[in-house]
Amino acid sequence: MGCVIALILWTIMFSPWTSPYVNFWVMMTCSGLILTTYSTLASPGWWKDLKMGWSDIAIGITLAAALWGIFWIGDRLSSLMFDFARPQVNMIYGMKEGENPVVLTLLMLFIIGPAEEIFWRGFVQKSFSKRWNPTTGFIVTTLVYGLVHLAKFNFMLIMAALVAGFVWGLAYRFFPERLGAIILSHALWDCAVFIWFPI
């Protein structure tokens with residue numbers, strides 16, 4: 001049910017038939033709050049996996065920096081291989097046009113980034129891993145995370161979601177006790193790739 005809700009919310013945000021009628025950042029913030037609430041109701045106590053020591057902070061920062069580097073390399077390679085790559089990336093960056101970068105930074109740091117990881121890793125991947133096994137849970141969650149972005153009809157966005165979902169999912173697959181570090185990495189990466197150091 002949670003994945004169906006996410007699919008509906010992401011479709012509203014990204015579909016060319018609905019996205020012109022909503023503010024992406026308001027919708028993304030509301031979606032994050034809805035999914036966090038759903039995760040809390042469907043799986044009370046998820047926060048017990050949440051800790052944030054110095055090692056988690058270091059891992060979160062390192063993971064965010066490594067993922068930014070992967071995307072930087074991926075952007076250069078894809079631009080060489082595909083004529084459509086850079087225009088599609090520019091379309092993604094166009095979503096922040098006219099928005100206050102300070103407000104976006106705060107939303108990504110404290111709501112959007114954390115909410116996505118609480119839902120996708122802390123709830124969805126954890127639930128799928130219990131239903132099947134940790135590896136299957138990781139693979140299915142990564143694929144679903146990529147698929148909910150299909151409504152944008154943007155190949156680069158879908159690939160970005162798959163790559164990022166793979167990295168965060170793999171981290172959670174082997175270190176589920178590091179959910180705090182994964183949340184931090186997502187929040188920092190969002191800010192880095194969109195605001196601080198755009199690719």
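The numbers here are math on the coordinates, done by the rules we state, and not lab data. These figures come from a predicted structure and were not determined experimentally. In this analysis, Cβ positions are derived from the backbone assuming ideal geometry, glycine residues included, and neighbour counts consider all displayed protein chains.
Remarks
- Alpha carbon centroid spacing (whole Å) that separates the stretch 140-162 from the stretch 164-197: 16 Å
- Taking 0.36 nm per residue of separation and subtracting the current Cα-Cα distance, fully stretching the chain between residue 197 and residue 93 would add 36.2 nm.
- Using a cutoff of 8 angstrom between alpha carbon atoms and counting only pairs six or more residues apart, the relative contact order for the chain works out to 35 percent.
- Whole-Å distance, taken between Cα centres, linking the stretch 18-41 and the stretch 116-130: 17 Å
- Kyte-Doolittle mean at least 1.6 and Cα axial length at least 24 Å: DSSP H helices in the chain: 155-174
- Taking 0.36 nm per residue of sequence separation and removing the Cα-Cα distance, the residue 139/residue 66 pair yields an extension gain of 24.2 nm.
- Of 128, 144, 114, farthest towards positive along the dipole that unit charges on Lys, Arg, Asp, Glu beta carbons give the stretch 2-196: 128
- Simple rule: put +1 on each Lys or Arg Cβ and -1 on each Asp or Glu Cβ in the stretch 2-196, find the dipole, and look at 171, 193, 77; the Cα lying farthest toward the positive end is 171.
- Distance-filtered residues of the stretch 170-184 - backbone nitrogen under 19 Å, label point 7 angstrom along residue 51 Cα→Cβ: 171-184
- Estimated at 0.36 nm per residue, the fully extended path between residue 109 and residue 76 surpasses their Cα-Cα distance by 9.2 nm.
- A crude spin-label estimate for the pair residue 41 and residue 155, with each label 7 Å from Cα along the Cβ direction, gives 4.0 nm.
- Kirkwood radius and radius of gyration were both taken over the C-alpha atoms of the stretch 113-195, and their ratio Rg/Rh is 0.96.
- By the count of other C-beta atoms within 10 Å, a proxy for reagent exposure, 159, 28, 108 are ordered fewest to most as 159, 28, 108.
- Listed by chain and number, the aspartates and glutamates whose alpha-carbon sits under 14 Å from that of residue 96, ignoring those within fewer than 8 places in the same chain, are 190.
- Burial ordering of 196, 25, fewest other beta-carbon atoms within 10 Å first: 196, 25
- Least to most buried among 109, 184, 170 (fewest other Cβ within 10 Å first): 170, 109, 184
- Under 18 Å from a label point set 7 Å out along the Cα-to-Cβ vector of residue 26, the amide N atoms of the stretch 80-103 belong to 95-103.
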